[in-house]
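Single-structure report; data block below.
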Amino acid sequence: MTRRSFLKNSIALATALSLPALARSAVATQDERSLCFYNTHTGETLRSVFWAEGQFLPDALNDINKVLRDHRTNAVARIDPQLLVLLDEVTSQFGSNNVVHIISGYRSPETNRKLALLGDGVAKHSMHMEGKAIDLRLPGRDLSSLREAALKLGGGGVGYYPDSQFVHMDTGRVRSW
């Protein structure tokens, strides 16, 4: 069995496990980058090694694209791999047993337009539409600490929404709100 086949099979097995088991298995070697996701709208889970042996793994990226899709329209888009690297760097500051709760990943233009009309602070040209933004929380981790960790890395935009219980991260220019 090749390493890629092994990794792909591992991903499939991991999605069938419970969240606590996913969190415990989220340990990656220094030669790998991995993330555990829980989509709060679809209930889907995914543990994925998305980078290994010096490169991104296309099958893993496709799986991540699917779990971060627009849950309102089921539209799937390419998620910026650098967003995943940034997310890995931020979450690893909290240890290796983190399950990223996805509030919003990719957003189709249609969904973004509808949300912007509702006046919920949604940008008309949101980076979510480019697959370059994610709204998330880490259960059991202080939201303000998550914000501070993201700000410290300076990898892009960081928004703090304590009333809605999430932090926004994107790979755009460095800014915060």
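Consider S108 carefully, then state whether it is crowded, with 18+ Cβ neighbours inside 10 Å, over 23 Å from T45 (Cα atoms) and either under 17 Å from the mean Cα position of the chain (by Cα) or of a type outside the set (S, T, Y) (or both).
Here the answer is no, as S108 does not meet what is asked.
Which condition from (1) open to solvent by 20 Å² or more (accessible area, probe 1.4 Å); (2) touching a Leu at 6+ places or on another chain (Cβ under 8 Å) is the one that Y161 breaks?
(2) is the only condition that Y161 fails.
Looking for something touching a His at 6+ places or on another chain (Cβ under 6 Å) and more than 19 Å from T171 (Cβ to Cβ) - is there at least one such residue anywhere in region 66-84?
yes
Out of the residues in region 28-71 meeting the condition of being at pLDDT 95 or above and β-branched (V, I, T), tell me which one is surrounded by the fewest Cβ atoms within 10 Å (Cβ to Cβ).
It comes out as T42.
List the number of the failed condition for A116; all other conditions in (1) open to solvent by 10 Å² or more (accessible area, probe 1.4 Å); (2) under 21 Å from V67 (Cα atoms) hold.
The one condition A116 does not meet is (2).
Take the residues in region 119-149 that are open to solvent by less than 50 Å² (accessible area, probe 1.4 Å) and part of a loop (DSSP other than H, G, I, E, B), then tell me which one is modelled with the lowest pLDDT.
Of everything passing the filter in region 119-149, V122 is modelled with the lowest pLDDT.
Would you confirm whether or not region 81-90 contains a residue that is surrounded by fewer than 15 Cβ atoms within 10 Å (Cβ to Cβ) and out of contact with any Cys (no Cβ under 6 Å at 6 or more places or on another chain)? Reasoning before the result, please.
Here is the first cut: in region 81-90, the residues surrounded by fewer than 15 Cβ atoms within 10 Å (Cβ to Cβ) are 82.
Among the residues that remain, those that are also out of contact with any Cys (no Cβ under 6 Å at 6 or more places or on another chain) are: 82.
Yes.
Regarding region 35-56, can at least one residue be identified that is closer than 22 Å to V174 by Cβ, β-branched (V, I, T) and outside any helix (DSSP H, G or I)?
Scanning region 35-56, I find no residue that is closer than 22 Å to V174 by Cβ, β-branched (V, I, T) and outside any helix (DSSP H, G or I), so the answer is no.
The values are calculated or read from the model by the stated rules, or taken from the named source; none is laboratory data. From a predicted model like this one, the values you see are computed outputs, not experimental measurements. We place every Cβ from the backbone using ideal geometry, glycine too, and count neighbours over all the protein chains shown. Heads up: the accessible areas ignore ligands, DNA and RNA and are worked out on the full protein's heavy atoms, side chains in. Shrake-Rupley method; radii C 1.70, N 1.55, O 1.52, S 1.80 Å.
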